[in-house]
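The values are calculated or read from the model by the stated rules, or taken from the named source; none is laboratory data. In this text the structure is predicted, and so the values were computed from the model without any measurement. All Cβ positions, even for glycine, are placed from backbone atoms using ideal geometry, and neighbour counts span all protein chains on display.
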Ligand SMILES: Nc1ncnc2c1ncn2[C@@H]1O[C@H](COP(=O)(O)OP(=O)(O)OP(=O)(O)O)[C@@H](O)[C@H]1O
Ligand SMILES: [Mg+2]
């Protein structure tokens with residue numbers, strides 16, 4: 001489903017060129033659960049943004065479901081992000097003035113779904129992350145873990161084929177982190193494709209495959225078959 | 001994404017910054033409000049001026065005698081102006097003429113016992129009441145039986161009463177002398193609908209039929225003609241002046257005021273004033289628009305992360321552009337509407353105090369709304385475009 005071919009990403013800073021991603025080759029199939037690990041500044045987030053169609057590579061090819069992303073117009077990419085990709089961020093990125101429900105239904109608004117259906121689907125998504133009793137709460141009335149669950153409900157609402165999570169547990173205590181990871185595992189069992197960036201080995205251990213990045217290059221890529229701890 | 005959803009989103013966002021939205025609108029409110037006020041007051045004033053000159057819109061015009069240039073300053077030149085009973089009958093019979101309102105007048109003393117008061121003596125018939133409405137504050141007004149029977153009765157204006165009678169005296173029923181002829185006072189009259197810049201004259205109204213007793217002639221020296229309709233005014237005024245000039249042995253000429261010219265003149269004056277003040281108000285709208293742009297730019301910067309997030313959730317550039325454009329247009333439109341209401345309120349108050357007609361016209365209101373929407377689009381475009389062009393990753397990373 002995802003195929004990256006000799007992907008490069010460079011930033012020009014004056015006369016210096018910063019190679020953030022270097023000749024990346026990566027293939028990810030449907031229903032995989034992949035963790036991306038690596039030291040800070042190694043290019044993990046840049047890679048995720050590329051996969052999420054938020055960023056364009058300097059050179060190389062990115063095929064999503066067999067189509068070349070680079071050749072798509074901006075409007076088409078917005079549609080892909082809306083319908084096929086769900087983002088989960090370390091800082092949650094909820095809109096502070098909107099209730100949990102309204103935050104969750106945002107992707108459906110851009111997808112042109114009617115209000116009644118939006119409300120119904122947002123309610124179901126919030127139920128799925130265990131927040132059916134927090135529907136009308138504002139983000140600052142929720143705990144960190146609850147905020148992240150709202151964000152996950154928002155990522156799920158359009159039933160995307162791909163969920164991208166950049167350090168989803170990075171801002172959470174370990175108990176909330178565990179809850180989030182259990183939710184991801186459940187989504188994986190239900191058939192979702194998950195890619196997750198993390199610094200923590202325990203979190204990465206939930207994934208079935210770990211890709212390690214250093215200085216913009218993939219230095220390790222191995223499957224792991226061990227059972228999720230606890 | 002539906003347009004309605006965009007509007008709702010914009011309204012919600014404006015509502016969440018109520019105070020700021022209100023302050024931003026202020027410039028537009030003041031701009032539109034002053035435009036509406038100025039135009040309404042200008043129109044009201046114009047309507048008043050025109051109606052005053054055009055005989056209150058009852059199709060009446062005044063005929064006057066214009067001596068030749070060299071006699072203009074000569075008071076005697078006017079002395080021979082006289083409309084005979086035959087003249088008046090001939091004019092009355094013209095097809096475009098509805099009625100003739102002629103009267104005679106002189107300035108002389110009215111005497112009661114030892115007291116004397118200078119006053120305008122007007123010899124009228126009941127047609128005169130069509131030129132100006134009168135009410136009797138005590139007693140009654142002259143009527144057609146007084147005229148038909150040549151009764152020696154008068155009504156006095158309040159000013160004359162005050163000069164002749166002590167405060168407690170009842171003037172009605174008393175006898176006053178004019179040019180040595182005794183008249184019975186039957187009422188005290190007042191002119192209605194006096195505009196605020198007309199001054200009250202001391203005057204005495206008496207029946208036309210008793211005029212010869214005082215001056216030995218039944219010639220009238222003032223002539224007003226009421227045409228059948230507004231369209232007939234032109235025809236009637238030509239017919240009347242042609243008739244009078246043909247009959248006349250005087251070196252001058254009979255003329256009527258040309259209403260159209262006067263109306264145009266008034267209109268020009270008020271238009272120029274309206275344009276000048278409107279221009280100043282327009283500048284305040286411009287400043288208001290710049291204020292909106294300024295706040296929208298701040299808002300875009302503040303909401304950079306929100307914009308990045310929305311893009312990551314599938315918002316297109318168009319969606320973001322529209323969202324911010326709707327916000328600015330909503331700001332200016334609501335501001336414009338409030339401004340219109342405020343302006344209409346002020347114009348209403350002014351016209352109430354001045355006794356003018358209230359003239360906030362639909363086109364002006366529509367123009368106000370349209371213009372404030374336009375300001376919203378023009379000054380919203382730059383911030384909205386800035387928002388739409390934001391790179392989602394950098395926007396999301398924005399602190
Ligand atoms: N817009 C940019 N301009 C210049 N350099 C950039 C830009 N964005 C990212 N970089 C650089 O690219 C490198 C990789 O950044 P990236 O955010 O992908 O790292 P990361 O692996 O996600 O790190 P972390 O674990 O700390 O989140 C960093 O050195 C960063 O400074
Ligand atoms: Mg990162």
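Structure data summary
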{"item": "Failed item, numbered, when residue A:199 is tested on (1) more than 14 Å from every other protein chain (Cβ to nearest Cβ); (2) under 12 Å from the mean Cα position of the chain (by Cα); (3) within 16 Å of ligand 2 (Cβ to nearest atom)", "result": "(2)"}
{"item": "Test: residue in segment A:120-142 that is in a helix (DSSP H, G or I), in contact with a strand residue (DSSP E or B) (Cβ under 9 Å, 6 or more places away or on another chain) and either facing chain B (nearest Cβ under 10 Å) or touching a residue at least 40 places away in the same chain (Cβ under 8 Å) (or both)", "result": "no"}
{"item": "Single residue of segment A:165-193 satisfying the filter (within 25 Å of residue A:111 (Cα to Cα) and surrounded by 24 or more Cβ atoms within 10 Å (Cβ to Cβ)) that is farthest from the other protein chains (Cβ to nearest Cβ)", "result": "A:168"}
{"item": "Some residue of segment B:391-398 being away from ligand 2 (no atom under 16 Å from the Cβ) and over 41 Å from the mean Cα position of the chain (by Cα)", "result": "yes"}
{"item": "Members of segment A:99-114 found to be at the interface with chain B (Cβ under 8 Å from one of its Cβ atoms) and on the phi < 0 side of the Ramachandran plot, listed by number", "result": "A:106, A:107, A:109, A:110, A:111"}
{"item": "Residue check, residue A:14 surrounded by fewer than 19 Cβ atoms within 10 Å (Cβ to Cβ), away from ligand 2 (no atom under 16 Å from the Cβ) and either under 23 Å from residue B:314 (Cβ atoms) or free of Cβ contacts under 8 Å to residues at least 12 places away in the same chain (or both)", "result": "yes"}
{"item": "Test: residue A:183 is farther than 12 Å from residue A:44 by Cβ, away from ligand 1 (no atom under 16 Å from the Cβ), in contact with a strand residue (DSSP E or B) (Cβ under 6 Å, 6 or more places away or on another chain) and touching a residue at least 40 places away in the same chain (Cβ under 8 Å)", "result": "no"}
{"item": "Options A:197, A:213; residue that is more than 20 Å from residue A:92 (Cβ to Cβ), at pLDDT 90 or above and surrounded by 16 or more Cβ atoms within 10 Å (Cβ to Cβ)", "result": "A:213"}
{"item": "All strands (runs of 3 or more DSSP E) inside segment B:97-165 with 3 or more residues being under 29 Å from residue B:80 (Cβ atoms)", "result": "B:97-112, B:115-124"}
{"item": "The one condition in (1) without any contact (Cβ under 8 Å) to a residue 60 or more places away in the chain; (2) within 11 Å of ligand 1 (Cβ to nearest atom); (3) touching a strand residue (DSSP E or B) at 6+ places or on another chain (Cβ under 9 Å); (4) away from chain B (no Cβ under 14 Å) that residue A:38 fails to fulfil", "result": "(1)"}
{"item": "Lone qualifier among A:70, A:78 - being at pLDDT below 90 and more than 16 Å from ligand 1 (Cβ to nearest atom)", "result": "A:70"}
{"item": "Verdict on residue B:308 being surrounded by fewer than 16 Cβ atoms within 10 Å (Cβ to Cβ), closer than 24 Å to residue A:108 by Cα, in contact with a helix residue (DSSP H, G or I) (Cβ under 8 Å, 6 or more places away or on another chain) and within 14 Å of chain A (Cβ to nearest Cβ)", "result": "no"}
{"item": "Test set (1) in contact with a helix residue (DSSP H, G or I) (Cβ under 8 Å, 6 or more places away or on another chain); (2) within 14 Å of chain A (Cβ to nearest Cβ); (3) part of a helix (DSSP H, G or I) - residue B:315 fails condition number", "result": "(3)"}
{"item": "Identity of the residue in segment B:1-59, more than 14 Å from chain A (Cβ to nearest Cβ) and not in a helix (DSSP H, G or I), that ends up modelled with the lowest pLDDT", "result": "B:54"}
{"item": "Total residues in segment B:60-94, condition touching a strand residue (DSSP E or B) at 6+ places or on another chain (Cβ under 8 Å), part of a helix (DSSP H, G or I) and modelled with pLDDT of 80 or more", "result": "3"}
{"item": "Scan of segment B:224-258 for residues that are touching a strand residue (DSSP E or B) at 6+ places or on another chain (Cβ under 7 Å), modelled with pLDDT under 85 and part of a helix (DSSP H, G or I), ordered by number", "result": "B:233"}
{"item": "Condition met for residue A:50 (within 14 Å of chain B (Cβ to nearest Cβ), within 11 Å of ligand 1 (Cβ to nearest atom) and in contact with a strand residue (DSSP E or B) (Cβ under 7 Å, 6 or more places away or on another chain))", "result": "yes"}
{"item": "Residue within segment A:64-87 that is within 16 Å of ligand 2 (Cβ to nearest atom) and buried (at least 22 other Cβ atoms within 10 Å of the Cβ) present", "result": "yes"}
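Yes or no, residue by residue, for (1) within 15 Å of ligand 1 (Cβ to nearest atom); (2) within 14 Å of chain B (Cβ to nearest Cβ):
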{"residue": "A:1", "(1), (2)": "no, no"}
{"residue": "A:9", "(1), (2)": "yes, yes"}
{"residue": "A:20", "(1), (2)": "yes, yes"}
{"residue": "A:46", "(1), (2)": "yes, yes"}
{"residue": "A:55", "(1), (2)": "yes, yes"}
{"residue": "A:60", "(1), (2)": "no, no"}
{"residue": "A:82", "(1), (2)": "no, yes"}
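Residue by residue, here is whether (1) within 14 Å of chain A (Cβ to nearest Cβ); (2) assigned to a loop (DSSP other than H, G, I, E, B); (3) at pLDDT 90 or above; (4) within 17 Å of residue B:24 (Cα to Cα) holds:
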site: B:266; (1), (2), (3), (4): no, no, no, no
site: B:284; (1), (2), (3), (4): no, no, no, yes
site: B:290; (1), (2), (3), (4): no, no, yes, yes
site: B:329; (1), (2), (3), (4): no, no, yes, yes
site: B:353; (1), (2), (3), (4): no, no, no, no
site: B:357; (1), (2), (3), (4): no, yes, no, no
site: B:364; (1), (2), (3), (4): no, no, no, no
site: B:382; (1), (2), (3), (4): no, no, yes, yes
